[in-house]
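Chemist: Take this structure first; my questions come after.
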Amino acid sequence: TAKGDHSGVVVTTSGAHDDTDRQRLTTLEELRAGLDHGELILHYQPQMEIASGAIPGVEALVRWNHPTRGLVYPDGFLPLAEHAGLMGRLTLQVLEMALEQSAAWRAAGLDLTVAVNLSASNLHDPALPSYVADALTRHGVPPAALHLEITEEVLMRDAVRATRVLAELRATGIHLAIDDYGTGYSSLAYLHALPVDDLKLDRAFVTHCDTDTRSAAIVKSTVELAHNLDMRLIAEGVENETVLDRLREWDCDLVQGYHLSRPQPADRLTTWLQQRRPAPVR
Ligand code: C2E
Ligand code: MG
Ligand code: MG
Ligand code: MG
């Protein structure tokens, strides 16, 4: 195995630091191989429109199907991918898989939007908008069926460049969302100028908004802010029915969270959708 090959190589200094470096290097080699061998897979989490109960779309979340470690979650490899300059390749793979799945759902009569997460380095790639447009055409997916999510933290790190790239993407008809809103110190001036459709309020403010009055105040005022800017508010991290009831009262538009469904493979999500809403009579 890859692990066996590495274990015998270096036996000299062995501080915790070296072990960590060695582990990172191994993981990085494995990740490069994983990208070559198609080990990345997507799970999909549904988004529900509170008012209607409808599921207009899903978010694609990447996992690494590691040959020996099993399913590795984003926290376990995205920081490394970003650091090693692999995010460009990773995002293109994710986009391909998400659009292929989107086309399959559309062919099956399921009209779902699919949201894909972008990273910081994606915004530094001037070819991204034309690549995305090309991928949409190849898969026959209408631009409005693709949502791209950028974290507030990434947006604000380079707001001028981000605004330019986002404007270009949005001009093609793609839908944009600010992710993890509330954790990245947005300047309201930029929020006002950014060409985005949705604010996704970070789960830190959502999960306990039924019991924590300060979270409740933040949720309520963010709904109002979003609506005043003609954006929709999506609440992340809805884990129980009471939170959902509060969000409905406060006029939040959409929710995502374990209460509705955990992220799951496409085939299981398809079954979930069909069981939830009986298939139309043909
Ligand atoms: P995110 O985009 O904010 O995605 C939401 C995360 O919250 C997901 O974690 C999801 O599984 C989790 N989540 C959803 N509902 C609940 C809930 O009710 N309670 C709790 N506690 N958690 C919930 P995941 O899949 O581990 O992804 C973590 C982050 O990794 C994502 O946060 C996103 O920033 C990043 N990520 C995931 N896939 C991709 C990708 O393809 N590309 C890039 N650039 N980033 C990605
Ligand atoms: Mg996201
Ligand atoms: Mg988020
Ligand atoms: Mg997040």
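The values are calculated or read from the model by the stated rules, or taken from the named source; none is laboratory data. Keep in mind it's a predicted model, so treat the numbers as computed, not measured. Using ideal geometry, Cβ is built from the backbone for each residue, glycine included, and neighbour counts are taken over all protein chains shown. Keep in mind that these areas ignore ligands, DNA and RNA; they rest on the heavy atoms of the full protein, side chains included. Shrake-Rupley method; radii C 1.70, N 1.55, O 1.52, S 1.80 Å.
Chemist: Look at segment 87-127 and say how many of its residues are buried (at least 21 other Cβ atoms within 10 Å of the Cβ), farther than 22 Å from Ile55 by Cα and out of contact with any helix residue (DSSP H, G or I) (no Cβ under 6 Å at 6 or more places or on another chain).
Modeler: Result for segment 87-127: 1.
Chemist: Further question on the same structure: Considering only residues that are open to solvent by 20 Å² or more (accessible area, probe 1.4 Å), more than 10 Å from ligand 1 (Cβ to nearest atom) and assigned to a strand (DSSP E or B), which ones fall in segment 39-61?
Modeler: Ile41, Glu49
Chemist: Could you tell me how many of the residues in segment 149-203 are more than 16 Å from ligand 3 (Cβ to nearest atom), at pLDDT 90 or above and β-branched (Val, Ile, Thr)?
Modeler: The total comes to 3.
Chemist: Can I ask one more? (1) open to solvent by 10 Å² or more (accessible area, probe 1.4 Å); (2) more than 16 Å from ligand 2 (Cβ to nearest atom): which one isn't true of Phe205, the others all being true?
Modeler: (2)
Chemist: Regarding Val238, is this residue β-branched (Val, Ile, Thr), surrounded by 19 or more Cβ atoms within 10 Å (Cβ to Cβ) and in a loop (DSSP other than H, G, I, E, B)? Step through it out loud before you land on a result.
Modeler: Working: β-branched (Val, Ile, Thr): yes; surrounded by 19 or more Cβ atoms within 10 Å (Cβ to Cβ): yes; in a loop (DSSP other than H, G, I, E, B): yes.
It is true that Val238 is β-branched (Val, Ile, Thr), surrounded by 19 or more Cβ atoms within 10 Å (Cβ to Cβ) and in a loop (DSSP other than H, G, I, E, B).
Chemist: For segment 157-179, enumerate the residues that are more than 15 Å from ligand 4 (Cβ to nearest atom), in contact (Cβ under 8 Å) with a residue 40 or more places away in the chain, crowded, with 18+ Cβ neighbours inside 10 Å and not hydrophobic (A, V, I, L, M, F, W, C).
Modeler: Answer for segment 157-179, where residues must be more than 15 Å from ligand 4 (Cβ to nearest atom), in contact (Cβ under 8 Å) with a residue 40 or more places away in the chain, crowded, with 18+ Cβ neighbours inside 10 Å and not hydrophobic (A, V, I, L, M, F, W, C): just His175.
Chemist: Same structure, new question: How many residues, within segment 98-137, are farther than 14 Å from Arg170 by Cα, in a helix (DSSP H, G or I) and in contact (Cβ under 8 Å) with a residue 24 or more places away in the chain?
Modeler: Looking only at that region, the number is 13.
Chemist: Can you tell me which residue is most open to solvent (accessible area, probe 1.4 Å) among those in segment 245-270 that are hydrophobic (A, V, I, L, M, F, W, C) and assigned to a helix (DSSP H, G or I)?
Modeler: From segment 245-270, those hydrophobic (A, V, I, L, M, F, W, C) are 247, 250, 252, 254-255, 260, 266, 269; that's our starting set.
Okay, now just the ones that are also assigned to a helix (DSSP H, G or I), so 247, 266, 269.
Details: Leu247: 0, Ala266: 17, Leu269: 0 Å².
Across segment 245-270, the extreme among qualifying residues is Ala266.
Chemist: Take segment 109-129 and flag every residue that is at pLDDT below 95 and within 14 Å of ligand 4 (Cβ to nearest atom).
Modeler: Those that are at pLDDT below 95 and within 14 Å of ligand 4 (Cβ to nearest atom): Ser119, Ala120.
Chemist: Could I ask something else about it? Can you name the condition, by its number, that Val154 falls short on among (1) touching a residue at least 24 places away in the same chain (Cβ under 8 Å); (2) in a helix (DSSP H, G or I); (3) within 29 Å of Val238 (Cα to Cα); (4) open to solvent by 30 Å² or more (accessible area, probe 1.4 Å)?
Modeler: (4)
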